[in-house]
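S.K.: So that we are looking at the same thing, I have put the structure below in structure tokens.
Laboratory data are not the source of any read-out in this text; all were calculated from the coordinates shown. Just so it is clear, the model here is predicted, and its values are computed rather than measured. All Cβ positions, even for glycine, are placed from backbone atoms using ideal geometry, and neighbour counts span all protein chains on display.
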Ligand SMILES: Cc1ncc(COP(=O)(O)O)c(C=O)c1O
């Protein structure tokens with residue numbers, strides 16, 4: 001299998017632990033271990049103290065699968081398969097579903113593994129271009145036009161990385177209908193789910209829409225626990241789950257025992273965790289609204305509708321790659337130029353899930369005053 005370098009992850013490999021402040025991270029500020037353990041009830045605390053560090057059950061700890069199933073309307077715990085992060089789930093799903101005879105539809109820009117693993121699996125991949133001028137909205141007619149007789153997979157991402165876009169209900173229902181009519185399978189990467197700015201805009205989970213549809217979720221974003229590396233696939237398609245489980249035998253076999261138990265504890269307290277995450281996002285968003293208002297004409301963005309990231313634009317002759325490189329060297333603050341997503345529109349990803357975002361934004365502003373005038 002011939003995988004292209006994952007430009008976003010290579011970018012982070014260079015900067016993530018070198019830059020002082022990440023103004024482009026997509027995760028929510030990680031919780032401390034003591035905070036997670038303080039949420040444990042007595043029984044879970046005992047399980048934690050007595051946990052043996054052997055192999056774990058390959059499909060995932062039953063108590064964890066039960067907690068995950070609770071995030072869906074029509075999914076039971078047997079219909080959840082735990083992976084080491086959403087990334088492993090994406091890797092397994094594309095490999096299990098796609099081969100050289102198959103066609104997949106993926107958005108552009110996107111979290112690139114959604115497309116690149118499909119390409120590496122030999123599949124034909126059509127990209128649906130999202131445009132800032134259209135509010136980054138997904139056009140259902142473009143998806144319909146991209147369909148081929150061998151389209152096996154339509155891969156969505158709601159809310160979307162990097163734009164923070166979130167389809168409205170009518171569009172989403174249209175996409176569900178297109179998948180059903182065409183026989184393609186709908187997969188929805190929902191790692192930013194539960195971070196919709198207006199809870200009423202939350203879409204149904206992909207896996208709840210059709211018996212063969214798939215949801216991908218993770219502890220990294222809305223739940224603020226990226227270091228657990230716990231992700232999952234939920235689907236009512238048991239045959240697919242069996243193939244995914246067999247594939248996982250070649251990747252990680254099973255998840256980490258401490259991570260699974262910590263995820264159980266966290267999901268039992270999910271209301272509290274989600275409130276914390278939304279609190280961080282909303283207070284940072286208010287600062288960003290103010291910033292983009294004051295810097296209109298220099299920095300523009302389509303305000304995201306969910307998640308913890310947006311795709312802003314440096315609306316001046318200055319090249320955003322050079323701006324980003326200069327800023328991280330001078331101030332230690334990192335933004336992510338759109339070139340990482342093969343974007344050519346001078347965009348950059350900005351993240352607002354971290355508690356030091358106010359300070360990072362102030363530094364960006366000072367740097368912009370100095371270099372852009
Ligand atoms: C859309 C999307 N899917 C999947 C992932 C992978 O999540 P994880 O790194 O927690 O496995 C990310 C991470 O940024 C993402 O943005």
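S.K.: Distance between the C-alpha centers of segment 334-355 and segment 136-195? Whole Å please.
M.R.: Segment 334-355 and segment 136-195 have Cα centres separated by 22 Å.
S.K.: Right, something else. With a point put 7 Å past each Cα toward its Cβ, work out how far residue 133 is from residue 29 in nm, to one decimal.
M.R.: That separation, rounded to one decimal, is 4.0 nm.
S.K.: Compute the convex hull volume of the Cα atoms of segment 188-262, divide it by the residue count, and report the result per residue in Å³ as a whole number.
M.R.: 95
S.K.: Now for a different question. Given points 7 Å out from each Cα along the Cα-Cβ axis, report the residue 251 to residue 177 separation in nanometres with one decimal.
M.R.: 3.4
S.K.: A follow-up question, please. Based solely on its DSSP helices, what 222 nm [θ] is calculated for the chain when runs of n ≥ 4 H residues each add -39,500 (n - 2.57) and the sum is averaged over all residues, nearest 500 deg cm²/dmol?
M.R.: Computed mean residue ellipticity for the chain: -12500 deg cm²/dmol.
S.K.: While we're looking at this one, here's another question. What order, most packed first, do the peptides 187-197, 261-271 have when packing is the mean number of other Cβ atoms within 10 Å of each residue?
M.R.: Going by the mean number of other Cβ atoms within 10 Å, highest first, we get 187-197, 261-271.
S.K.: With 10 angstrom as the radius, rank 24, 76, 254 by how many other C-beta atoms surround their C-beta, starting from the fewest.
M.R.: Fewest to most other Cβ atoms nearby, the residues stand as 76, 254, 24.
S.K.: Okay, moving on. For a quick protection proxy, order the peptides 223-230, 235-242 by their average other-Cβ count within 10 Å, most packed first.
M.R.: Top of the packing list down: 223-230, 235-242.
S.K.: Run the paramagnetic zone check for residue 270: 7 angstrom along Cα to Cβ, then residues of segment 225-259 with backbone nitrogen under 15 Å.
M.R.: Under 15 Å, as judged by backbone N against the label point of residue 270, lie 225, 230-235 of segment 225-259.
S.K.: For a distance above 20 Å, tell me the whole-number percent of Cα pairs in segment 226-314 that qualify.
M.R.: Roughly 60 percent, rounded to a whole number.
S.K.: For residue 321 and residue 169, compute 0.36 nm times the residue count separating them, minus their Cα-Cα distance, and round to one decimal in nm.
M.R.: Taking 0.36 nm per residue and subtracting the Cα distance, the gain is 51.2 nm.
S.K.: Under the classification rounded if a/c is under 1.5, otherwise prolate if a/b is larger than b/c and oblate if not, where does segment 153-225 fall, given a ≥ b ≥ c as square roots of the Cα gyration tensor eigenvalues?
M.R.: Note, shape of segment 153-225 comes out prolate.
S.K.: Continuing with the same structure: Give the dimensionless ratio obtained when the Cα radius of gyration of segment 1-156 is divided by 2.2 N^0.38 Å.
M.R.: 1.32
S.K.: Same structure again: From Cα coordinates alone, what are the radius of gyration and Dmax values for segment 33-268 in angstrom?
M.R.: Calculated on Cα positions, Rg and Dmax stand at 17.8, 56 Å.
S.K.: To continue, here is another question. Quickly work out the residue 359-to-residue 289 label distance, labels modelled 7 Å from Cα along the C-beta direction, and quote it in nm with one decimal.
M.R.: 2.6
S.K.: A further question on this structure: Taking a label point 7 Å from the Cα of residue 330 along the Cα→Cβ vector, which residues of segment 270-306 have an amide N closer than 17 Å to it?
M.R.: Counting backbone N atoms under 17 Å from the label point, the list is 298-299.
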